[in-house]
Amino acid sequence: MNRRAFIGLLGGAAAWPLRARAQAPAALVIGMLLSGSRASSDRTLRAFHEGLAESGYVEARNVKVEYRWAEDRNEYFPQLASELVQRGVSVIAAIGSPAVAAAKAATATIPIVFYVGVDPVSFGLVNSLNRPGSNLTGVTNFSLETGPKRLELLADLLGSRKVVGILLNPGRTRSAAELTDLLEAAQALGFQPHVLYAGADEEFETVFATLTRLAAGGLAISGDPFFNTRAEHLGALSLKHAMPTIFQAREFTTAGGLISYGSSFAELYRLTGVYTGRVLKGEKPADLPVQQPTKLELIINLRTAKALGLDVPPSVMVRADEVIE
């Protein structure tokens, strides 16, 4: 072998690993769209990663996660979704209907796994629950549909007290439709409802001050990602201001809120993680039915009820899944 051929052989051998690396499949990347901040998402992210691990994926081991937080500014979602699409992520996990709407508008090809509180069919995300029929599927807890039921439970606890507050997030896409359903339910229950809004932490004190001024008997908090990430804070405020309040999150009641009725957030985020992993393995969103909670939890904080001077009727107590004493 002459010298020139030998050098050429060495050059080809040295270049081979580079070509092999170039031909290796790209690393799997999940793009996550979340409404709050990293600090407010810790608990939900743990549950999501538990579900992801059930499907065989662990962050930094065999999958990378690109996080994008909107910091409670829904108008940021289109840009954040566009960034993930340009990044070329393998799948987008979108939490909350504004995030999902932005992701859907940004791509018709990258799979999207969502967790929403709205009916994904009426919201236009999927064709049907059983056969989504597009690049989207995920989990819904139908939190808007359970809002009137929470008002019924509050009515059972308040007795003759009929002045109530209804707390909404003004930045929520579906607030108008949700309000219509809640006002109809309030009227049927004989309530005198007062609609209040909060889209920032500093507005909560104003809300409770207004309720005190109105001599309100109670407060119903709507299901919303912004409120969900502040469930413990809202529960503590309800106890501090001696306001009988109902919300959907367990964390709210354990922090001092009177009563909660809704599905387990941890379970729903876990299911979202499971579906994200299944999509990473190659399953098509169009073939994965939208999942729904199999159980709604009714949790009563009896300590709070006693502190507020409320007697919880036996008809409500027997339906409770958990009583905090």
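Can you pull out the residues in region 61-101 that are in a strand (DSSP E or B) and among the basic types (Lys, Arg)? Before the answer, list the steps.
Keep residues of region 61-101 that are in a strand (DSSP E or B), which gives 63-69, 91-95.
The answer is 64, 68.
Given (1) out of contact with any strand residue (DSSP E or B) (no Cβ under 9 Å at 6 or more places or on another chain); (2) at positive phi, identify the lone condition not met by residue 240.
(2)
Mind listing whichever residues of region 221-262 are touching an Asp or Glu at 6+ places or on another chain (Cβ under 8 Å) and among the charged types (D, E, K, R)?
Passing the criteria: 230, 232, 250, 251.
Could you pull out the residue among 191, 123 that is aromatic (Phe, Trp, Tyr) and closer than 30 Å to residue 317 by Cα? Before the answer, list the steps.
Numbers: 123 fails: closer than 30 Å to residue 317 by Cα.
The conditions single out 191.
Kindly provide the set of residues from region 205-246 that are under 14 Å from the mean Cα position of the chain (by Cα) and either of a type in the set (Phe, Trp, Tyr) or more than 18 Å from residue 146 (Cβ to Cβ) (or both), ordered by number.
226, 227, 229, 230
What do you reckon, is residue 295 charged (D, E, K, R) and farther than 20 Å from residue 148 by Cβ? Before the answer, list the steps.
On the way: charged (D, E, K, R): yes; farther than 20 Å from residue 148 by Cβ: no.
Here the answer is no, as residue 295 does not meet what is asked.
Hey, can you tell me all the residues within region 102-135 that are at pLDDT 95 or above and among the small types (Gly, Ala, Ser)?
Passing the criteria: 102, 103, 105, 106, 108.
If you check 138, 133, 199, 147, which single one turns out to be within 21 Å of residue 115 (Cβ to Cβ) and exposed (fewer than 15 other Cβ atoms within 10 Å of the Cβ)?
Values: 138 fails: exposed (fewer than 15 other Cβ atoms within 10 Å of the Cβ); 199 fails: exposed (fewer than 15 other Cβ atoms within 10 Å of the Cβ); 147 fails: exposed (fewer than 15 other Cβ atoms within 10 Å of the Cβ).
133 is the lone residue from the list that is within 21 Å of residue 115 (Cβ to Cβ) and exposed (fewer than 15 other Cβ atoms within 10 Å of the Cβ).
Any residue in region 79-102 that is under 21 Å from residue 222 (Cα atoms), of a type in the set (Ser, Thr, Tyr) and surrounded by fewer than 18 Cβ atoms within 10 Å (Cβ to Cβ)?
The answer is no; no qualifying residue exists.
Just checking: which of the helices (runs of 4 or more DSSP H) contained wholly in region 229-324 hold 1 or more residues that are surrounded by fewer than 16 Cβ atoms within 10 Å (Cβ to Cβ) and aliphatic (A, V, I, L, M)?
Values: elements: 231-240, 250-254, 265-280, 302-307, 314-317.
Because the criterion is at least 1 residues that are surrounded by fewer than 16 Cβ atoms within 10 Å (Cβ to Cβ) and aliphatic (A, V, I, L, M), the helices (runs of 4 or more DSSP H) in region 229-324 that meet it are 231-240, 302-307, 314-317.
So which residues in region 45-58 are surrounded by 14 or more Cβ atoms within 10 Å (Cβ to Cβ) and either in a strand (DSSP E or B) or modelled with pLDDT of 95 or more (or both)?
48, 49, 50, 51, 52, 53, 54, 55, 57
Which numbered condition trips up residue 173, out of (1) modelled with pLDDT of 95 or more; (2) more than 25 Å from residue 298 (Cβ to Cβ)?
(1)
Any residue at all in region 110-118 that is part of a loop (DSSP other than H, G, I, E, B), hydrophobic (A, V, I, L, M, F, W, C), buried (at least 18 other Cβ atoms within 10 Å of the Cβ) and out of contact with any Ser or Thr (no Cβ under 8 Å at 6 or more places or on another chain)?
The answer is no, given that none of the residues of region 110-118 is part of a loop (DSSP other than H, G, I, E, B), hydrophobic (A, V, I, L, M, F, W, C), buried (at least 18 other Cβ atoms within 10 Å of the Cβ) and out of contact with any Ser or Thr (no Cβ under 8 Å at 6 or more places or on another chain).
Okay, residues lined up against (1) of a type outside the set (D, E, K, R); (2) modelled with pLDDT of 95 or more:
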site: 227; (1), (2): yes, no
site: 244; (1), (2): yes, yes
site: 253; (1), (2): yes, no
site: 258; (1), (2): yes, yes
site: 264; (1), (2): yes, no
site: 278; (1), (2): no, yes
site: 289; (1), (2): yes, yes
site: 296; (1), (2): yes, no
site: 316; (1), (2): yes, no
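Report whether or not residue 132 is assigned to a loop (DSSP other than H, G, I, E, B), touching a strand residue (DSSP E or B) at 6+ places or on another chain (Cβ under 7 Å) and in contact (Cβ under 8 Å) with a residue 12 or more places away in the chain.
So residue 132 does not fit the description; no.
Out of the residues in region 181-204 that are of a type outside the set (A, V, I, L, M, F, W, C), farther than 13 Å from residue 151 by Cα and in a helix (DSSP H, G or I), which is modelled with the lowest pLDDT?
201
The values are calculated or read from the model by the stated rules, or taken from the named source; none is laboratory data. Remember, it's a predicted structure, so these values are computed and weren't measured experimentally. With ideal geometry, Cβ positions are generated from the backbone for all residues, glycine too; neighbour counts draw on all protein chains shown.
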